[in-house]
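Presented below is the structure to which this report refers.
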Amino acid sequence: MWVNVLVFLLTHLLTGMSIIFNQDYVCITESGSFTTNSTYGKNLDHILDSLPDNVSKSGGFFTATAGQDSNTAYALGLCSGDLNPHDCYGLVKSAVRDLRDKCPDQKEAISWSGDPACIVRYANRPFFGILELEPTTAGSITHDIGSNLPRFDTIWESLTDRLVRNASNGSSSRKYATGEAYFTVSQNIDAQMQCTPDISQEECDSCLRAAKSSFKACCHGKQGGYVQKPNCMFTFDLIPTITQDQKPEKNQNKSIWVPLGESLSAILGLALVSACGIFLWKRTNIQGDKEDSQEVQLLDLVIGSGNHENSSENVETSQEFPSIKLDILQAATTNFCDENKIGQGGFGPVYKGTLADGNEIAVKRLSRASSQGLLEFKNEVMLIAKLQHRNLVRLLGCCLEKNEKLLVYEFLPNRSLDLFLFDSSLATQLYWQKRFNIIKGVARGIMYLHEDSHIRVIHRDLKASNVLLDHEMNPKISDFGMAKIFCGDQNEANTNRVVGTYGYMAPEYAMEGLFSVKSDVFSFGVILLEIISGKKNNGFHLSEHGESLLTFAWKLWSKGEGMELIDEHLAGSSVPTEVLKCIQIGLLCVQVDPANRPTMSTVVAMLGSETITLPLPVEPTFYVGHFVAEPIQLSFTDRIFSVNEVTISNISTR
């Protein structure tokens, strides 16, 4: 009944569980100050006086300028997309008044005022249509999600990803999205996202994803919160779910559909991880003792060592991540014949297959000789089943029969990026716009792994051969066997078992075993410079007098000769401003000190904006071919390394 709803709402308010937006503002002291009767002050007063009326009459967004030269004042007003003109007018007027009180003589200031928030901003410089990610204000309520956090994270990610897309795809007058997702029988997640509509679709996407990252950095696990940036704002809260028995009696005959759509991804996420293990486990009665042992190990690794029987009831009906029979894969690949072999991964070959219905697949066959095979298999099953993004390769199923460990992927006809970059006969197909799109796609995929997924994943083996290309040359990151999951607030880890590919490995990882998200950023920087130059970093020093591709690129860029780096096949299609920006971003990513490398959300923002001012990189000093000393002592059997793009494992016998 409605009494239950009122009780819930009252409790929600009294315990401080709803978000109250305080008067958030920032006075930008770096821009200088003005006097009350100055020309700039009069110009600013003129546009601020009329701003509430102009914003409310213009659909909730308005920009204004007044004056000339150094006395020009610029102002912007944005109301939340769900406000009516009357409320919009009142909130903008209140924000203007507060800024005049709090920042009375500052030439630049910004306010996020009200509930729902609005943005009022002014400055003595032009900022319309320019993406700016700072300053940022963020906050949360005090209550934690609690034991439901993994489920909450999955649903929250799905909902916010959808809202980022919807808001970014808005018009030049409105970039706003709101939505709910079912969480529990009594609570939904409610969220709103909005950008100033003067920025582009890509810039809005970058801003909102940066806002999501800011919230996770400060307030992960809270029941509600907000993040506000100069060009975007984001808020979410838990609200009561009104079920049918809580409706007034006169509406009892009406159906109430609980919004399950947004939680579907969470349910499937669990089913995807569990289904493979359960299907395999249930076939133990027809396998030998050896296969049974492997299946139970895999089941324990993927879904934990709890009661298997209790979980099978919930996943048997899932067909999203099936176990595929060995005889089907043998027939599809002509018994894994060499003619169908299309690649060699770190733990085994990859074959092209054609199913009976004509659909093409890629089958990764893990080596029987490798003692790391089961761990590799577990990593890929667990990670890719949980991770869904347009720039990550899609896992279709798995097989664990007769000592075979097989992973079945979508087939990508253009195979891997390195085949195009480093083959002069194919490189002509990668004109600049395609290469730029590949750069941005790979960056978005890594950002998803680091910041936008409900689990933080460090890939650890990013390289051109692990970037696959679909029929439209869209990139998809593959090979997650060496990936690591970071939990909670974990930012870095140390290992005495270094894995990866020399030439792409960050110096702190190759020499000290220390890895973090910044290790992947380094690898991305190498890939970026390889895409621009058409040359491999690994082995580059042999033809360039001991220089790596990284130092060679830096010397050209620092002398203002960056365009000399580009692949000769790009001569007629390159856009110099984009190329030079990408070179600078690549050099920032390969800085020796991890702290000086940008995060991937910052990289995505820089790639998508034409106005962001990039920091200046210093010369990189680490490159393959010049390992003088290794601070950690690793036994030969502990090293996993790659030469010429083939990952090699040296395993001691028992």
Where residue 99 falls short, out of the listed (1) among the aliphatic types (A, V, I, L, M); (2) closer than 15 Å to residue 234 by Cβ; (3) in the same structural domain as residue 50 (by TED's automatic domain parsing): (2)
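With respect to residue 78, determine if the residue is within 22 Å of residue 134 (Cβ to Cβ) and of a type in the set (A, V, I, L, M).
On the way: within 22 Å of residue 134 (Cβ to Cβ): yes; of a type in the set (A, V, I, L, M): yes.
So residue 78 fits the description; yes.
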Of all residues in region 365-400 being at pLDDT 80 or above and under 16 Å from residue 335 (Cβ atoms), the one that is surrounded by the fewest Cβ atoms within 10 Å (Cβ to Cβ): 365
Selection count where residues are among the β-branched types (Val, Ile, Thr) and more than 17 Å from residue 608 (Cβ to Cβ), scope region 185-237: 4
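Results for (1) in contact with an Asp or Glu (Cβ under 8 Å, 6 or more places away or on another chain); (2) in contact (Cβ under 8 Å) with a residue 60 or more places away in the chain; (3) assigned by TED's automatic domain parsing to the domain that holds residue 232; (4) among the basic types (Lys, Arg), shown as yes or no for each residue.
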| position | (1), (2), (3), (4) |
| --- | --- |
| 44 | no, yes, no, no |
| 50 | no, no, no, no |
| 53 | no, no, no, no |
| 59 | no, yes, no, no |
| 63 | yes, yes, no, no |
| 71 | no, no, no, no |
| 75 | no, no, no, no |
| 82 | no, yes, no, no |
| 85 | no, no, no, no |
Residues being within 14 Å of residue 41 (Cα to Cα) and of a type in the set (Lys, Arg) - total across region 96-120: 2
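Residues are listed down the side, and each one gets a yes or a no for (1) in contact (Cβ under 8 Å) with a residue 40 or more places away in the chain; (2) assigned by TED's automatic domain parsing to the domain that holds residue 331; (3) not charged (D, E, K, R):
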site: 404; (1), (2), (3): yes, yes, no
site: 427; (1), (2), (3): yes, no, yes
site: 431; (1), (2), (3): yes, no, yes
site: 434; (1), (2), (3): no, no, no
site: 440; (1), (2), (3): yes, no, no
site: 449; (1), (2), (3): yes, no, yes
site: 460; (1), (2), (3): yes, no, no
site: 465; (1), (2), (3): yes, no, yes
site: 473; (1), (2), (3): yes, no, yes
Any hit, region 228-235, residues being touching a Phe, Trp or Tyr at 6+ places or on another chain (Cβ under 8 Å), more than 25 Å from residue 24 (Cα to Cα), in a strand (DSSP E or B) and outside the structural domain of residue 110 (by TED's automatic domain parsing): no
Residue 69 vs. criteria acidic (Asp, Glu) and within 37 Å of the chain's Cα centre (by Cα): no
Any hit, region 552-571, residues being over 10 Å from residue 617 (Cα atoms) and polar (S, T, N, Q): no
Output for region 184-207, where each listed residue is buried (at least 24 other Cβ atoms within 10 Å of the Cβ) and over 19 Å from residue 60 (Cα atoms): 189, 203, 206, 207
Candidate set from region 568-583 (those that are at pLDDT 95 or above and buried (at least 19 other Cβ atoms within 10 Å of the Cβ)); member that is nearest to residue 442 (Cα to Cα): 582
The one condition in (1) at pLDDT below 80; (2) closer than 26 Å to residue 621 by Cα; (3) not hydroxyl-bearing (Ser, Thr, Tyr) that residue 462 fails to fulfil: (1)
Selected residue (only one of 123, 117, 95 is closer than 19 Å to residue 173 by Cα and surrounded by 17 or more Cβ atoms within 10 Å (Cβ to Cβ)): 117
Subset tally (residues that are in contact (Cβ under 8 Å) with a residue 12 or more places away in the chain, more than 12 Å from residue 28 (Cα to Cα) and not acidic (Asp, Glu)) for region 94-110: 4
Within region 142-157, tally of residues that are among the polar types (S, T, N, Q), modelled with pLDDT of 85 or more and in contact with a strand residue (DSSP E or B) (Cβ under 8 Å, 6 or more places away or on another chain): 0
Unique match (being assigned by TED's automatic domain parsing to the domain that holds residue 445, at pLDDT below 85, hydroxyl-bearing (Ser, Thr, Tyr) and buried (at least 21 other Cβ atoms within 10 Å of the Cβ)) among 501, 495: 501
Tally, over region 504-534, of residues that are among the acidic types (Asp, Glu) and surrounded by fewer than 24 Cβ atoms within 10 Å (Cβ to Cβ): 2
Residue satisfying condition, being outside any loop (DSSP other than H, G, I, E, B) and within 19 Å of residue 227 (Cβ to Cβ), within set 131, 76: 76
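Give me the residue from region 29-85 that is of a type in the set (D, E, K, R) and loosely packed, with under 14 Cβ neighbours inside 10 Å and, out of that set, nearest to residue 126 (Cα to Cα).
Out of the qualifying residues, it is 69.
I'd like to know if region 421-441 contains one or more residues that are closer than 20 Å to residue 324 by Cβ, crowded, with 18+ Cβ neighbours inside 10 Å and touching an Asp or Glu at 6+ places or on another chain (Cβ under 8 Å).
Within region 421-441, not a single residue is closer than 20 Å to residue 324 by Cβ, crowded, with 18+ Cβ neighbours inside 10 Å and touching an Asp or Glu at 6+ places or on another chain (Cβ under 8 Å).
The values are calculated or read from the model by the stated rules, or taken from the named source; none is laboratory data. Everything numeric in this text was worked out from a predicted model, so none of it was measured. No Cβ is skipped: glycine too gets one built from the backbone with ideal geometry, and neighbour counts run over all protein chains shown.
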